[in-house]
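Peer 1: Dropping the structure in here first, questions after.
The values are calculated or read from the model by the stated rules, or taken from the named source; none is laboratory data. Predicted, not measured: the structure shown is a model, and the values here were computed from it. Because the Cβ atoms are built from the backbone with ideal geometry, glycine has one as well, and the counts that use them run over all protein chains shown. Just so you know, the surface numbers come from the protein's heavy atoms only, side chains and all, with ligands and any DNA or RNA stripped out. Shrake-Rupley method; radii C 1.70, N 1.55, O 1.52, S 1.80 Å.
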Amino acid sequence: MSATELTEWAYPLAESLLADPLPRRWKHSLGVAERARSIAPILGADADLLEAAAVLHDIGYAPDLAKTGFHPLDGARYLRDLADADERLIRLVAHHSCAWMEAEARGLRDELEGEFPRERPHLADALCYCDMNTTPDGSPTNPVDRVNEIAGRYGPDSLIGTFIRRAEPEILASTTRVLEQVAAAKRQPM
């Protein structure tokens with residue numbers, strides 16, 4: 001499957017899994033994909049891969065896919081076992097937005113990392129940037145407000161609230177690395 005075909009395949013798949021049962025999650029996923037398109041110049045040949053991962057990153061929340069309750073793992077397993085997806089795409093979904101930290105809190109880190117090796121760091125940073133710069137409704141935001149929104153939605157003492165605060169320094173570092181790449185690309189002569 002070519003890179004362009006990958007994105008053409010990803011959108012209807014994500015829509016079929018999220019649009020009806022979880023319309024807000026679908027809007028978020030579309031917003032994350034929009035952020036991915038906005039940083040395409042720093043991704044080169046991987047731009048379409050990142051956009052596909054962005055639109056699919058939260059499919060593990062779909063009621064038909066939620067088996068463990070840990071959406072990165074559930075989504076990646078679906079993509080591997082039933083959708084015959086690209087291996088790199090699967091790894092990005094499995095590890096998006098510091099998923100290993102949440103997996104550790106859930107006792108699933110060995111399972112996650114045993115089944116799905118991590119993808120290249122610059123792509124993991126890029127997907128984290130896209131996710132953490134998008135509100136639940138798909139609008140642009142910044143990672144500080146996004147982390148605060150997540151902690152507020154789930155509660156500061158919840159598993160997710162604790163995880164997101166623990167992950168916040170890495171989320172901010174990922175965002176900084178991406179913004180530095182974007183700034184460097186803008187300084188390059190045409």
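Peer 1: Given the residues Gly31, Gly44, which is the only one that is on the phi > 0 side of the Ramachandran plot and either open to solvent by 20 Å² or more (accessible area, probe 1.4 Å) or at pLDDT 95 or above (or both)?
Peer 2: Gly44
Peer 1: Can you confirm whether segment 176-183 contains a residue that is in contact (Cβ under 8 Å) with a residue 40 or more places away in the chain and among the hydroxyl-bearing types (Ser, Thr, Tyr)?
Peer 2: No.
Peer 1: Is it the case, given these coordinates, that Arg80 is among the basic types (Lys, Arg), more than 18 Å from Leu112 (Cα to Cα) and modelled with pLDDT of 95 or more?
Peer 2: Judged against the criteria, Arg80 is not a match.
Peer 1: Follow-up. Restricting attention to segment 121-137, and to residues there that are among the charged types (D, E, K, R) and in contact (Cβ under 8 Å) with a residue 60 or more places away in the chain, which single residue is farthest from Arg37 (Cα to Cα)?
Peer 2: Asp137
Peer 1: Can you say whether Glu119 is surrounded by 17 or more Cβ atoms within 10 Å (Cβ to Cβ), farther than 15 Å from His28 by Cα and within 15 Å of the chain's Cα centre (by Cα), as far as the supplied structure shows?
Peer 2: Against the criterion (surrounded by 17 or more Cβ atoms within 10 Å (Cβ to Cβ), farther than 15 Å from His28 by Cα and within 15 Å of the chain's Cα centre (by Cα)), Glu119 qualifies.
Results for (1) more than 22 Å from Pro23 (Cα to Cα); (2) β-branched (Val, Ile, Thr); (3) within 17 Å of the chain's Cα centre (by Cα), shown as yes or no for each residue.
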{"residue": "Thr135", "(1), (2), (3)": "no, yes, yes"}
{"residue": "Ser139", "(1), (2), (3)": "no, no, yes"}
{"residue": "Val147", "(1), (2), (3)": "no, yes, yes"}
{"residue": "Ile150", "(1), (2), (3)": "no, yes, yes"}
{"residue": "Val178", "(1), (2), (3)": "yes, yes, yes"}
{"residue": "Pro189", "(1), (2), (3)": "yes, no, no"}
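Peer 1: When both residues are 6+ apart or on different chains and their Cβ atoms are under 8 Å apart, which pairs have a first residue that lies in segment 138-153 and is over 14 Å from Leu172 (Cβ atoms) and open to solvent by 60 Å² or more (accessible area, probe 1.4 Å), and a second that is not in a helix (DSSP H, G or I) and not aliphatic (A, V, I, L, M)?
Peer 2: What qualifies is Pro140/Asn133; Pro140/Thr134; Arg153/Pro136.
Peer 1: Let me ask something else. In this structure, is Asp157 under 21 Å from Leu30 (Cβ atoms), open to solvent by 30 Å² or more (accessible area, probe 1.4 Å) and not in a helix (DSSP H, G or I)?
Peer 2: In short, no.
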